[in-house]
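Coordinate-derived values only; no laboratory data. Since this is a predicted model, take the numbers as computed values, not measurements. Glycine gets a Cβ as well: all are built from the backbone with ideal geometry, and neighbour counts include every protein chain shown.
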Amino acid sequence: MSSALISNCALYPGIPVVHPVLCNARTNLHVTLSEKPQTPSISGLSRSMFLKPTYVTTGDITTLDIELLCNDGIKGLIIDLDSTLMESGKGRITTETDAWLQLARPRLKMIVLTNNKRQDYIDNAGSVLNMPVIGYAAKPWKAGFRQALAALELPPEEVAVIGDRPLTDIWGGRRSNMRTVLVRPLSSIVEPSWKTFFRQLEHVFIRR
């Protein structure tokens with residue numbers, strides 16, 4: 001992969017961008033994925049390193065290139081629910097999200113992993129998304145990721161964790177020896193200012 005294209009993303013230096021539009025959203029460049037990352041031991045690593053995703057997209061999940069993931073050896077996805085696939089508490093998905101899922105289904109095994117504890121909400125999400133949803137996940141702890149991985153029946157090196165939160169999705173995925181994809185919240189969501197603040201604070205650790 002061209003290092004020039006990777007370094008063109010000033011917000012996340014050295015992290016591949018899985019989207020044809022780089023950080024300034026005006027440069028129309030097609031970016032391929034890098035080679036599979038090494039999974040180092042925990043000893044000697046800073047916490048911030050575990051918040052760094054394998055790949056970054058400058059848009060929401062609907063901008064993620066499924067073909068590129070498949071070409072990089074990904075066969076399964078563990079996907080966050082709230083803000084990644086649907087707006088928190090709404091219990092429905094956008095037309096764009098549904099279209100992306102329809103493209104992904106023939107190519108990838110998928111399961112949803114969420115920290116949400118409302119069983120009625122979890123059950124409804126599973127029905128709307130037409131895929132298994134594991135709740136009470138307590139991300140970034142490993143137990144939920146192990147459960148999702150067992151359900152996919154794939155080795156960790158063939159699975160990517162997709163989410164919008166470095167402290168839960170990315171950290172948990174990396175601790176479980178899986179590749180990770182950091183996406184933006186769904187473009188249809190208008191977040192309160194306090195939530196945006198904490199999200200930006202998390203991203204500071206990625207750039208360290």
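Mind checking region 119-195 for GluC sites (Glu not before Pro) that DSSP puts in a loop (not H, G, I, E or B) and that have at most 10 other Cβ atoms within 10 Å?
GLU153
Lysine pairs, Cα distance under 23 Å, 8 or more residues apart or cross-chain: how many in region 59-188?
Close lysine pairs found across region 59-188: 9.
Given contacts defined as C-alpha pairs under 8 Å and at least six residues apart, what's the relative contact order of region 82-145, whole-number percent?
Result for region 82-145 is 29 percent.
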